[in-house]
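Following: one structure in structure tokens, then a few remarks.
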Amino acid sequence: MVHCWNHGNITRSKAEELLSKTGKDGSFLVRASESIPRAYALCVLYRTCVYTYRILPNEEDKFTVQASEGVPVRFFTSLDQLIEFYKKENMGLVTHLQYPVPIEEEEAGDELEEETEFFLSPPELPPRNLPLSSGASEAKEVLPPDNSRVMEPSKLSLSETLLQRFQGMDTSGLPEEHLKAIQDYLSTQVSLDTDFVKTGANNLPHFKKLIMVLCKELYSEVTRTLPTLEALQRLFDQQLSPGIRSRPQACAEASPVNIMAKLGQLTSLLSSLEDKGKAFLGGGPESTHRRSLIPPVTFEVKSESLGIPQKMQLKVDVESGKLIIKKSKDGPEDKFYSHKKILQLIKSQKFHNKLVIVVETEKEKTLRKEYVFADSKKREGFCQLLQQMKNKHSEQPEPDMITIFIGTWNMGDAPPPKKITSWFLSKGQGKTRDDSADYIPHDIYVIGTQEDPLGEKEWLEILKHSLQEITDITFKMVAIHTLWNIRIVVLAKLEHENRISHICTNNVKTGIANTLGNKGAVGVSFMFNGTSLGFVNSHLTSGSEKKLRRNQNYMSILRFLALGDKKLSPFNITHRFTHLFWLGDLNYRLELPPSEAENIIQKIKQQQYPELLLHDQLLTERKEQKVFLHFEEEEITFAPTYRFERLTREKYAYTKQKATGMKYNLPSWCDRVLWKSYPLVHVVCQSYGCTSDIMTSDHSPVFATFEVGVTSQFVSKNGPGNVDSQGQIEFLNCYATLKTKSQTKFYLEFHSSCLESFVKSQEGENEEGTEGELVVKFADDLPKLTPIISDPEYLLDQHILISIKSSDSDESYGEGCIALRSEAIESLVPIYTALTHHGEMMGHFRGEIKLQTSQGKKRERLYDFVKIERDEASGQKSLKSLISHDPIKQWECSSRLTDLGKNMAEPSPMDEQLLAKPEMFENPLYGAVSVFPKPAPRKEQESPQTLRKDRLGCPDPGTPSPAVIFTKPPEGEGKLASRQTSAPLLPVPRMRSFTCSSSTEGRTTLSGEKTQGKPKPSTPSENPVPAKRPVKPVRSEMSQQGNPAQTSRPPLPAKSPAVLHLQHSKARDYRESSELPHHGKHWPEEGPTSRTSMQ
């Protein structure tokens, strides 16, 4: 019998909320402990504070309440007995137990009816093709399960059984030395390996030695043959194929890992060698640029010469590593630059089709060449090809950056069509890739499916065949995991095989009563060199009215999906990975009445997506910080992906006749991809959309592609086991603000891969905060952290995870992440992180950090190759489009990091006014875009308050990174004053990429105040905000108005006639048929617009 006071797995914050609602001293409940398995927590309310007592089981499964030293311990045979005992007065608790808090009834409603439409039992698995050996195993397969026969082999020892099997096999063709080695292993060493397994070891040392002996000659022969085959392939390639580079032949032992790697290379070479020879002999050297090799791509651009624009041709030859410049398509080469001479690509933020290429001339001087592409999509394709060229010819042994494809598709229990390659090429509607990027294969493909009717092997073959069709590359399966009809598959290039490790899979059921797997999630995690990656594919509860149930599904998955490093037990999956991607049929619908169905379809036809997205349940729940806290999602510029009539994408089937009446499924964006990354890491969403030609299901497949920064496995120069004494991480003046009513002391735990083990601090001092919050101050007594490696190239890529825990129960009250990427070495840098726990906002952590590294220089990464030039003139002019294209970005930035006591879920009246009429904007990868202003990339989105004040500047290498800066209030002003400003004190949100143009003159914090570094003076008259809405000035602006002594901003450099012509002339529209006929070609200066284009 489960008593009403036993709440099971509810969170600590939920327990506090339930107790606070009662308001009676002596109210109590019991929940599961979050820190110790099989333990419980007794929560008691007394004088508006919640006291938590840990209930521990002993070896005999008797319970005791953990007590201070010297207090006699009492044991109870059951929780009932324990609760009855402490209902008596003066038994050692802060007050005796009086009022049990009952369990809240879940919003189950008619869930059973909804769920029974689908599988109520796991789908049947296909029969396994188990290999049959001789003797006893064959008898087991044929004979009925007779106990005497089954038990007979167990009378022999394992060694004897295996020897008998081996002797019964035909071994006439085996070498004599191999026979002897196997018999020696079975006679003496197999029992030793058995003991290793029983003690929890992950390997079989003696079996590994046996494999090395058997494969010694094979390994040496493969090692001798590979260089010859590689030379033959280079002969036909004229350039190394992807993943096969010249390398010195180092002597290595014939371990199973090395043998597999060599055989993999051999297989890859043999499978492609003949095809390459045929291609070369059939069409000459030029025909080798096919499929897996990226062919030369030519872009038509405009360039300015002596003030006169003229057409030019830019030819990118990835394989030879050259950028060729020609005056005409068929004309001779004018100039060419090798990959080493191309130093930087700088995208204009104001003109989305303009690009500056910085090259090195013969005299070791740099030259800036400015080009205007046909549209922003072409510019993006050009940048991707040049990045691929730099990566292909890089002298670095390990990559700095990889690209990841993520796809999600609810297959609707129907097999897929014969051709699904458009999905993997990111073709269809929304933000799509340019055709010039079709030949660039992604490094990792992650495919999530729901209601998948196929077996794992069949689906895997379809995926591999489709990828090989478009890339001519054989991909290796990293992991596959299935829960009923929910499946996730991860495939990677063969060259990354040795870079991927620590693979982990898991699932969580969230079906009826959380016991059925028709709804739930599957996940995969692994390390890519030094970067941790996590992927979650979920299928949440269906039904428009089941929004709260979907939220509960999300929280359950967040808490119980066991992926990643087990040492990070205080942290859930949102903090365990450098990059976490969440995909699937999340089933969030449009919150509109059924009578609006036809109106919704009309708006879809007119591509008025922002107006519909105002009613999207997922965006609304994220705004109110109920789900996907601090996750990001790329702008949605494609039609709703559910619910179509099958075999067409022209009609939505939004009604369904059921026994209980008509059921409505309004068109909705059910299928989504979101992500959450550590602060100050490189991640860029390059595409986000859905296909238009895959129609077997009532859902359309969704794709998203990402450019992701990764780190290499850094090797210490001091050797293993030696701690580098030169490095030190010091936290100063730190304090945490917590939303809790618990009466306990707190301490900090610091976790990081750059530390030998986690570090625990002393207890902090509690102070009463505002609006019921608790402030825990740690002053200067926090421990100094010593990293295992102090080289800045390693250390500045690391992160510190922080958990604030209760001294009484060791339960975490909030977790956060601090990036060490600070250019201000050996000086104090302000830090900030939000504290979350189980997906809920718990408070804030603030302070300062001082980082000490060894001598060294951080090298430039591949993703630094492409930067964004921030045009000052465009900052204010494009203000309206910057703040209106994605409502959730405003909600995240303005509520994610608000000041003390700020109600995070409540948008300001100004925000509501802005959200009332969002605008569509032209996306750099979506359709064809003219030269008008565009919003900043995702990581550069600011809160609405900030955008109305001033555009953010850009950090240069000599200043602290904005993502860790927290602006302090002026001296003498208290917390109350700071809360009364129009914009609370906020840390600057992290950029999409931490790099940006070095031409920035200064930086401005979110509250408008200046940060450390070069000053950027300005006057109120400069760059006026062209907004119609009244804007309340903040203190920083008023202080600037009252300071006439401030110097004026230095004049901007004169612009070329070509640039002025672009600014003042009517922009050319390159979109052809994608343009909507009822829209003009000018981007309006003011007012909302709904122009968009469909790919």
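Two numbers describe the Cα atoms of the stretch 631-719: Rg and Dmax, which are 20.0, 73 Å.
Here the peptides 87-93, 578-584, 700-706 are ranked by packing, the mean other Cβ count within 10 Å, and the order with the highest first is 700-706, 578-584, 87-93.
Per residue Cα convex hull volume for the stretch 351-506, in cubic angstrom?
Numbers: hull volume 22.8 nm³, N = 156.
Hull volume normalised by residue count: 146 Å³.
If you count, for each residue, the other Cβ atoms within 10 Å and average over each peptide, how do 745-757, 375-387, 446-458 line up from highest to lowest? Walk me through the numbers before you get to the answer.
On the way: 745-757: 18.2, 375-387: 23.7, 446-458: 21.2.
In decreasing order of mean packing, 745-757, 375-387, 446-458 become 375-387, 446-458, 745-757.
When each of the peptides 493-502, 622-631 is scored by how many other beta carbons lie within 10 Å of its residues on average, the order from highest to lowest is 622-631, 493-502. The residue among Phe424, Ile440, Leu467 whose Cα reaches farthest toward the positive pole of the charge dipole of the stretch 328-467, with charges on the beta-carbon of Lys, Arg, Asp and Glu, is Ile440.
Hey, could you get me the Stokes-Einstein D for the stretch 483-570, Kirkwood radius over alpha-carbon pairs, 4 °C and 1.567 mPa s, rounded to whole µm² s⁻¹?
Working: Rh = 14.2 Å.
So the translational diffusion coefficient is about 91 µm²/s.
The charge dipole of the stretch 577-717, taken about its Cα centre with unit charges on the Cβ atoms of Lys, Arg (+1), Asp and Glu (-1) only, comes to about 340 debye. Averaging the sequence gap over all C-alpha pairs within less than 8 Å and six or more residues apart, then dividing by the number of residues, gives the stretch 470-546 a relative contact order of 26 percent.
Contact order normalised by length for the stretch 796-856, with contacts defined as Cα pairs under 8 Å and 6 or more residues apart; what percent is it? Intermediate results must be reported in sequence, preceding the final value.
Details: 109 pairs, mean separation 17.2, N = 61.
Taking the mean separation of contacting Cα pairs over the length of the stretch 796-856, I get 28 percent.
Phi angles of the stretch 401-416 translate, via the Karplus equation with coefficients 6.51, -1.76, 1.60 and θ = phi - 60°, into HN-Hα couplings of 8, 10, 10, 10, 9, 10, x, 9, 8, 7, 7, x, 6, 10, x, x Hz per residue; Gly and Pro are given as x. Each Cα pair under 8 Å and six or more residues apart adds its separation to the average, and for the stretch 667-706 the resulting relative contact order is 41 percent.
For the stretch 527-550, the residues whose backbone nitrogen is under 18 Å from a point 7 Å from the Cα of Lys663, taken along Cα to Cβ, are 539-550.
A 1.4 Å probe run over the protein chains yields, for the stretch 1-95, 54 Å² of accessible area per residue, whole-number rounding.
The values are calculated or read from the model by the stated rules, or taken from the named source; none is laboratory data. Given the structure is predicted, the values throughout are model-derived calculations rather than measurements. All Cβ positions, glycine included, derive from the backbone under ideal geometry; neighbour counts span all protein chains shown. Accessible surface areas use protein heavy atoms only, side chains included; no ligands, DNA or RNA. Shrake-Rupley method; radii C 1.70, N 1.55, O 1.52, S 1.80 Å.
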